[in-house]
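Take a look at the structure set out below.
The values are calculated or read from the model by the stated rules, or taken from the named source; none is laboratory data. Model, not experiment: these values are computed from the prediction. Every residue, glycine among them, receives a Cβ derived from its backbone with ideal geometry; neighbour counts consider all protein chains shown.
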Amino acid sequence: MLLLSTYSLKWYWIHRIFQIGKKSNYDWLDLYMDLKEYDLWDVDYIKDIKEKSWINVYSITVPSKWLTKVKIEKIFEIADALKVQLVTFSPPHIGDKSKTWFTKYLQEIKNNFNFNIAIQNIETKYILFIIPEYRNIPLNELKNITWFSSLDIANIDNSSAIDIIKATKILWTSMKNVFFSDKRWDEYWLLPWKEISWISNLPLESFLMNLKANAYNWFITLKVDPMELWVWDEEEVLKNLEKIKKYYTKYYIDFK
C-alpha cells in the first residue's frame, strides 16, 4: 500500500495537502505532525478535513525533536480520532528536555490503543563530532521498544556494512512502514527515479522487488523533500506524483 507523507508537501496548508492527495489519487496519507503547523493539532479540524476529502490517514509520524509527554498524549488522541493503524516515533533528540516519555512510557502504553506504535531509524549525526544528536539505537534493537519498527531508507548509511536490503532483513518481522525516497551523497529524500547523469546511492528497484518477493504487506510511504515535487507548481506536483505511482507499480505491484 502506497501512502503519501504530508512531509512531502509540508509547505502547503494541510487542507490543500488533502486536496492534492485527492487530485493525484493518493487516497492514503501518512500525517507528519509538524510542531509549527498548529492546524495539525486541532483534532476536530483534521477529522473534518479527512471525512470531507474521503482520504484515509493510515499512519502518523511524530516530530523527531522537542517532544514531551503532553504532546505525545495529544498525538495519541489525534491518532485515535482518525483511526490510524500506525504511529511512528524517532529516538529522543539531545535537545529534548525530558526523555521520560521514551522507552519505559512507550512500553507501558503500547497495548492501550487500536494502532501499532513503531520506532524508526535515524541517521547517525554528531554534535562537535563526538556527541550523538539522537539516542543511538542499532537497527536490531529498534523493535525491542514497542515490538514494531519503521524504516527510513534515506537514513541508512551505505558506507557501513548494512545496506537498505540488509536493513529490511534485520527489521523484517517488526517492520510496519518504509519511508521511500532516493538519495545521492549528502542529498536526502529525493525523487525515486533516475534521470540523465543521475547516480543514486540506493538500489531502489531491487529494494522494491525484494519487498514484493518476500510478501511485505504493510505501508510504503513516499517521503521526499517538497522541492523535489516542485511545490511552487501544482501541475508539476501532480505529474511527479503520477510518475512515482508508475514507478511503484512497475517495481512492486507488477513484479512477479
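Looking only at the stretch 72-107, filter to residues that are modelled with pLDDT of 90 or more and of a type in the set (Gly, Ala, Ser); which one of those is nearest to Thr61 (Cα to Cα)? Among those residues, the one meeting the criterion is Ala79. Highlighted here are the helices (runs of 4 or more DSSP H) found entirely within the stretch 42-115 that include at least 2 residues which are surrounded by 16 or more Cβ atoms within 10 Å (Cβ to Cβ): 43-53, 69-82.
Note on the stretch 160-185: among residues that are among the polar types (S, T, N, Q) and under 22 Å from Ile244 (Cβ atoms), the one that is surrounded by the most Cβ atoms within 10 Å (Cβ to Cβ) is Asn177.
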